[in-house]
Amino acid sequence: MKLLVVGSMAFDAIETPFGKTDKTLGGAATYIGLASSVLGAETALVSVVGGDFNQEYFDMLTSRGVNIDGVEIKKEGKSFFWSGKYHNDLNTRDTLATEVNVLADFTPQIPEHSQEAEILLLGNLDPTVQLSVLKQMKKRPQMVILDTMNFWMNTAWDKLMEMIAQTDVITINDEEARQLSNEYSLVRAAEKIHAMGPEFVIIKKGEHGALLFHNHNVFALPALPLEDVFDPTGAGDSFAGGFAAYLAKTEDLSYENIKSAIIIGSAVASFTVEKFGTERLQEISKEELKGRISDFKKLTSFEVNI
């Protein structure tokens, strides 16, 4: 199984209560690609960057087995840039600057070797762009995973509905789920979103974990309590990368295995927040990942006698 990822590759400037960085590697596709490389999944990225995107970043990705043939370089342009400042609780943040740059007119071109990918992960982009990717596939992927946000609900509702109707798994946070469904209860919200098309609805709750809804089944996974949390940027994308990579590696798209994939995604994401940007993702070993999964198991395993 091959995993195809379409999303942004960018630079971020981040400030948290624990420090700041002026310019660091970021972007959804970058986080997803690095997260999937921890699992050793065969992954290809499609994105666009400017001439300011250093060769060392490409070398780092390819050295980890990530295919970047689909990354377009516009040498005269600048890469997408985002700057933000997190509040003390790390759950809220202020956007200080957003420079869309080369991403403004991004038209993904899917390399021929990726047009038969079994799993397609569409990062947070304009739904029209996401739909254009689906049209380039030689056959429908076995699983289409979608990320979206409030902005597209406000500005591109019809196209978003068209994209969601062709989605197998949607990953959104609780605020987005409520807006998309117009329901406060996340159970009712998931039911409405399920009716829009996705077979699986994953609602991310940040430091409170994640919820998986499938028909009338609900799976809840708490977040792992961590000693060090420096930067939550990219945690959601890292979750998606670990999640999709596990499904690609195991070649099992059943509900039970998707529950396991959520644990893997959460474990990978838990590393991401321990340092700024993608730094921690680049260091994770298989043994560390196994240890973190064991921590999750201890956290959620218990026996009760009444």
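About its Cα centre, how strong a charge dipole does the chain have in debye, to the nearest 20, once Lys and Arg get +1 and Asp and Glu get -1 at the Cβ?
In total the dipole reaches around 380 debye.
So for region 150-306, Kirkwood radius off the Cα pairs, Stokes-Einstein at 10 °C and 1.306 mPa s: how many µm² s⁻¹?
Stokes-Einstein gives a translational diffusion coefficient of 96 µm²/s.
Based on the mean of other Cβ atoms within 10 Å per residue, sort peptides 292-302, 105-115 so the most packed one is first.
Highest to lowest by the protection proxy: 105-115, 292-302.
Starting from the Cα of MET196, step 7 Å along the direction of its Cβ; do the same at ASP69; then give the gap between the two resulting points in nm.
Inter-label distance under the simple model: 3.4 nm.
Return the single residue from THR128, THR272, THR233 with maximal mean-square fluctuation; model: Gaussian network over the chain, springs between Cα atoms under 10 Å.
THR128
DSSP beta bridges in region 3-297, what fraction antiparallel, as a percent rounded to 5?
Antiparallel bridges make up about 40 percent of those DSSP assigns within region 3-297.
Rounded to the nearest 500 deg cm²/dmol, what is the calculated helix-only ellipticity per residue at 222 nm for the chain, with -39500 (n - 2.57) per DSSP H run of length n ≥ 4?
-11500 deg cm²/dmol
Hey, can you find the accessible area per residue of region 103-188 for me, probe 1.4 Å, expressed in square angstrom?
46 Å²
On the accessible surface of the chain, probed at 1.4 Å, how many percent belong to carbon and sulfur atoms? Could the numbers behind the result be given before it?
Numbers: 6640 of 13990 Å².
Looking at the chain in its full context, I get 47 percent from C and S.
If you count, for each residue, the other Cβ atoms within 10 Å and average over each peptide, how do 190-200, 84-94 line up from highest to lowest?
190-200, 84-94
Which residue fluctuates the most in the chain, going by a Gaussian network model with Cα springs under 10 Å, if the choices are VAL48, VAL187, VAL129?
VAL187
Along the positive direction of the dipole of region 3-297 (beta-carbon charges: Lys, Arg +1; Asp, Glu -1; about the Cα centre), which of PHE18, GLY65, LEU211 reaches farthest?
Farthest towards the positive pole: LEU211.
What shape does the chain take by its C-alpha gyration tensor, where a ≥ b ≥ c are the square roots of the eigenvalues and a/c under 1.5 counts as rounded, a/b above b/c as prolate, and the rest as oblate? Please list the in-between numbers first.
On the way: a/c = 1.32, a/b = 1.14, b/c = 1.15.
Rounded.
Defining a contact as two alpha carbons under 8 Å apart and six or more residues distant in sequence, what relative contact order in percent does the chain show?
Answer for the chain is 18 percent.
The values are calculated or read from the model by the stated rules, or taken from the named source; none is laboratory data. The structure presented is a predicted model; accordingly, all values stated were derived computationally and were not measured. We place every Cβ from the backbone using ideal geometry, glycine too, and count neighbours over all the protein chains shown. Accessible surface is based on the protein model in full, side chains and every heavy atom, while ligands, DNA and RNA are left aside. Shrake-Rupley method; radii C 1.70, N 1.55, O 1.52, S 1.80 Å.
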